[in-house]
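*Asks:* Quick one: the structure is below, and I'll ask about it shortly.
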Amino acid sequence: QVQLVESGGGLVQAGDSLRLSCAASERTFGNYAMGWFRQAPGKKREFVAAMSTGTFYGDSVEGRFTISKDNAKNTVYLQMNSLKPEDTAVYYCAAGPLFGRAPIRLESRFDYWGQGTQVTVSS
(Lines give C-alpha, C1' and ligand atoms only; values in the text may rest on other atoms or scores of the structure.)
Protein backbone atom coordinates (compact mmCIF):
# COMPACT_ATOMS: atom_id res chain seq x y z
CA GLN A 1 0.00 0.00 0.00
CA VAL A 2 1.45 3.34 -1.08
CA GLN A 3 0.40 6.42 0.84
CA LEU A 4 0.63 9.78 -0.89
CA VAL A 5 0.46 13.18 0.78
CA GLU A 6 0.25 16.35 -1.29
CA SER A 7 1.25 19.79 -0.11
CA GLY A 8 2.01 23.23 -1.52
CA GLY A 9 -1.40 24.34 -2.66
CA GLY A 10 -2.75 27.80 -1.97
CA LEU A 11 -4.19 31.03 -3.29
CA VAL A 12 -2.14 32.87 -5.91
CA GLN A 13 -2.70 35.50 -8.56
CA ALA A 14 -2.73 34.93 -12.30
CA GLY A 15 0.81 34.79 -13.64
CA ASP A 16 2.28 33.52 -10.38
CA SER A 17 4.08 30.24 -9.82
CA LEU A 18 3.47 27.46 -7.33
CA ARG A 19 5.16 24.14 -6.61
CA LEU A 20 3.21 21.17 -5.39
CA SER A 21 4.87 18.28 -3.59
CA CYS A 22 3.75 14.71 -3.14
CA ALA A 23 5.50 12.59 -0.54
CA ALA A 24 5.20 8.84 -0.96
CA SER A 25 5.52 6.22 1.77
CA GLU A 26 6.90 3.56 -0.51
CA ARG A 27 10.65 2.98 -0.36
CA THR A 28 10.60 1.56 -3.91
CA PHE A 29 9.23 4.87 -5.11
CA GLY A 30 11.40 4.72 -8.21
CA ASN A 31 9.50 1.68 -9.45
CA TYR A 32 6.23 3.57 -9.84
CA ALA A 33 4.76 5.80 -12.46
CA MET A 34 3.73 9.05 -10.81
CA GLY A 35 1.04 11.40 -12.00
CA TRP A 36 -0.85 14.56 -11.24
CA PHE A 37 -4.52 15.06 -11.96
CA ARG A 38 -6.84 17.91 -11.11
CA GLN A 39 -10.54 18.40 -10.64
CA ALA A 40 -12.35 21.71 -10.83
CA PRO A 41 -15.83 22.17 -9.34
CA GLY A 42 -18.47 20.56 -11.52
CA LYS A 43 -15.90 19.02 -13.86
CA LYS A 44 -14.37 15.60 -14.36
CA ARG A 45 -10.90 14.82 -13.08
CA GLU A 46 -8.36 15.89 -15.68
CA PHE A 47 -4.90 14.58 -16.48
CA VAL A 48 -2.16 17.13 -15.79
CA ALA A 49 1.23 15.42 -15.93
CA ALA A 50 2.94 12.09 -15.36
CA MET A 51 6.32 10.40 -15.26
CA SER A 52 7.03 6.80 -16.14
CA THR A 53 9.67 6.01 -18.73
CA GLY A 54 9.18 9.58 -19.96
CA THR A 55 7.27 12.69 -19.05
CA PHE A 56 3.79 13.51 -20.28
CA TYR A 57 1.63 16.61 -20.03
CA GLY A 58 -1.93 17.60 -20.61
CA ASP A 59 -2.51 19.97 -23.50
CA SER A 60 -3.67 22.80 -21.26
CA VAL A 61 -0.49 22.80 -19.14
CA GLU A 62 2.17 21.89 -21.70
CA GLY A 63 4.98 24.44 -21.55
CA ARG A 64 3.84 25.88 -18.22
CA PHE A 65 4.00 22.96 -15.81
CA THR A 66 6.91 20.62 -15.09
CA ILE A 67 6.82 17.31 -13.29
CA SER A 68 9.91 16.02 -11.55
CA LYS A 69 10.81 13.64 -8.77
CA ASP A 70 13.48 13.05 -6.18
CA ASN A 71 13.80 9.32 -5.58
CA ALA A 72 16.00 9.86 -2.53
CA LYS A 73 13.19 11.84 -0.90
CA ASN A 74 10.34 9.70 -2.28
CA THR A 75 8.80 12.92 -3.53
CA VAL A 76 7.31 14.05 -6.82
CA TYR A 77 6.87 17.71 -7.66
CA LEU A 78 4.69 19.74 -9.96
CA GLN A 79 6.15 23.13 -10.78
CA MET A 80 3.38 25.37 -12.08
CA ASN A 81 4.30 28.60 -13.83
CA SER A 82 2.22 31.29 -15.51
CA LEU A 83 -0.83 30.18 -13.61
CA LYS A 84 -4.25 31.03 -14.96
CA PRO A 85 -7.65 31.21 -13.26
CA GLU A 86 -8.68 28.10 -15.20
CA ASP A 87 -5.94 26.18 -13.37
CA THR A 88 -8.02 26.48 -10.21
CA ALA A 89 -8.78 22.97 -8.99
CA VAL A 90 -7.99 20.33 -6.42
CA TYR A 91 -4.75 18.68 -7.49
CA TYR A 92 -4.23 15.00 -6.82
CA CYS A 93 -1.05 12.96 -6.84
CA ALA A 94 -1.24 9.36 -8.01
CA ALA A 95 1.03 6.32 -8.22
CA GLY A 96 0.74 3.27 -10.45
CA PRO A 97 2.75 0.55 -12.13
CA LEU A 98 5.71 1.74 -14.14
CA PHE A 99 4.62 -0.44 -17.04
CA GLY A 100 0.85 -0.56 -17.01
CA ARG A 101 -1.78 -1.60 -19.49
CA ALA A 102 -3.76 1.60 -19.38
CA PRO A 103 -2.40 4.74 -21.04
CA ILE A 104 -0.55 7.04 -18.70
CA ARG A 105 -3.14 9.80 -19.16
CA LEU A 106 -5.99 7.74 -17.71
CA GLU A 107 -6.99 7.54 -14.06
CA SER A 108 -7.26 3.78 -14.38
CA ARG A 109 -3.48 3.55 -14.79
CA PHE A 110 -3.01 4.64 -11.19
CA ASP A 111 -3.76 2.55 -8.10
CA TYR A 112 -2.93 4.95 -5.29
CA TRP A 113 -4.16 8.50 -4.76
CA GLY A 114 -3.48 11.32 -2.37
CA GLN A 115 -6.14 13.37 -0.63
CA GLY A 116 -5.63 16.38 -2.88
CA THR A 117 -4.48 19.95 -2.38
CA GLN A 118 -6.44 23.04 -3.40
CA VAL A 119 -4.96 25.50 -5.87
CA THR A 120 -6.85 28.72 -6.44
CA VAL A 121 -5.73 31.27 -9.01
CA SER A 122 -7.35 34.67 -8.86
CA SER A 123 -7.61 36.97 -11.86
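The values are calculated or read from the model by the stated rules, or taken from the named source; none is laboratory data. These figures come from a predicted structure and were not determined experimentally. We place every Cβ from the backbone using ideal geometry, glycine too, and count neighbours over all the protein chains shown. Note: accessible area is taken over every heavy atom of the protein model, side chains too, but ligands, DNA and RNA are not part of it. Shrake-Rupley method; radii C 1.70, N 1.55, O 1.52, S 1.80 Å.
*Asks:* Using the 2.2 N^0.38 Å rule of thumb for compact globular proteins, work out how the stretch 1-89 stacks up: its C-alpha Rg over that value, please. Don't skip to the answer; put the middle values down first.
*Replies:* Details: Rg = 13.1 Å, N = 89, 2.2 N^0.38 = 12.1 Å.
For the stretch 1-89, the normalised Cα radius of gyration is 1.08.
*Asks:* Does anything in the stretch 106-122 have its amide N under 20 Å from the 7 Å Cα→Cβ label point of residue 86, and if so which residues?
*Replies:* From the stretch 106-122, the list is 119-122.
*Asks:* Modelling each spin label as a point 7 Å along the Cα-to-Cβ direction, I'd like the residue 43/residue 25 distance in nm, to one decimal.
*Replies:* With each label placed 7 Å out from Cα toward Cβ, I get 3.1 nm.
*Asks:* Per residue of the stretch 76-92, what does 6.51 cos²θ - 1.76 cosθ + 1.60 with θ = phi - 60° give for ³J(HN,Hα)? Whole Hz please, x for Gly and Pro, Karplus curve as stated.
*Replies:* Karplus-based 3J(HN,Hα) across the stretch 76-92 equals 10, 10, 10, 8, 10, 10, 6, 5, 10, x, 6, 7, 4, 4, 8, 9, 10 Hz.
*Asks:* Per the 1.4 Å probe, what fraction of the accessible area of the chain, in percent, lies on carbon and sulfur atoms? Working shown, then result.
*Replies:* Details: 2970 of 6380 Å².
The C+S portion of the solvent-accessible surface of the chain is 47 percent.
*Asks:* List, in order, the whole-Hz ³J(HN,Hα) value for each residue of the stretch 43-57 obtained from phi through the Karplus relation with A = 6.51, B = -1.76, C = 1.60 and θ = phi - 60°; use x for Gly and Pro.
*Replies:* Working through the residues one at a time gives 10, 6, 5, 10, 5, 10, 6, 7, 10, 9, 7, x, 10, 9, 9 Hz.
*Asks:* Among 50, 5, 82, which residue has its Cα positioned farthest towards the positive end of the charge dipole of the stretch 3-85, with +1 placed on the Cβ of Lys and Arg, -1 on the Cβ of Asp and Glu, and the dipole taken about the Cα centre?
*Replies:* The listed residue farthest towards the positive side: 5.
*Asks:* Calculate one ³J(HN,Hα) per residue across the stretch 18-26 by plugging θ = phi - 60° into the Karplus curve 6.51 cos²θ - 1.76 cosθ + 1.60, and present them in order as whole Hz with x for glycine and proline.
*Replies:* After applying 6.51 cos²θ - 1.76 cosθ + 1.60, I find 8, 10, 8, 10, 9, 8, 10, 7, 7 Hz.
*Asks:* At a Förster distance of 25 Å, what's the computed FRET efficiency of residue 64 paired with residue 1, Cβ-Cβ distance as r, to 0.05? List each step's numbers first, then the result.
*Replies:* Numbers: r = 33 Å, r/R0 = 1.32.
Taking R0 as 25 Å, the efficiency between residue 64 and residue 1 is 0.15.
*Asks:* Could you pull out every residue, at least 5 positions away or on a different chain, whose amide H is within less than 5 Å of the one on residue 65? Hs are placed 1.01 Å off N in the peptide plane, and Pro or chain starts have none.
*Replies:* 81
*Asks:* Not counting the cut sites, what is the longest span of the chain without trypsin sites (Lys or Arg not before Pro) that DSSP labels loop and that have at most 12 other Cβ atoms within 10 Å? Each step should come with its number before you reach the end.
*Replies:* Numbers: sites that count: 27, 43, 44, 101.
That gives 45-100 as the longest site-free run.
*Asks:* How large is the dipole of the stretch 1-94 about the Cα centre if only Lys and Arg carry +1 and Asp and Glu carry -1, each at its Cβ, rounded to the nearest 20 debye? Each step should come with its number before you reach the end.
*Replies:* Values: 10 positive and 9 negative charges, 29 e Å.
The dipole of the stretch 1-94 has a size of about 140 debye.
*Asks:* With a probe of 1.4 Å, find how much accessible area the chain has per residue, and write the answer as a whole number in Å².
*Replies:* Details: 6380 Å² over 123 residues.
For the chain, the per-residue accessible area is 52 Å².
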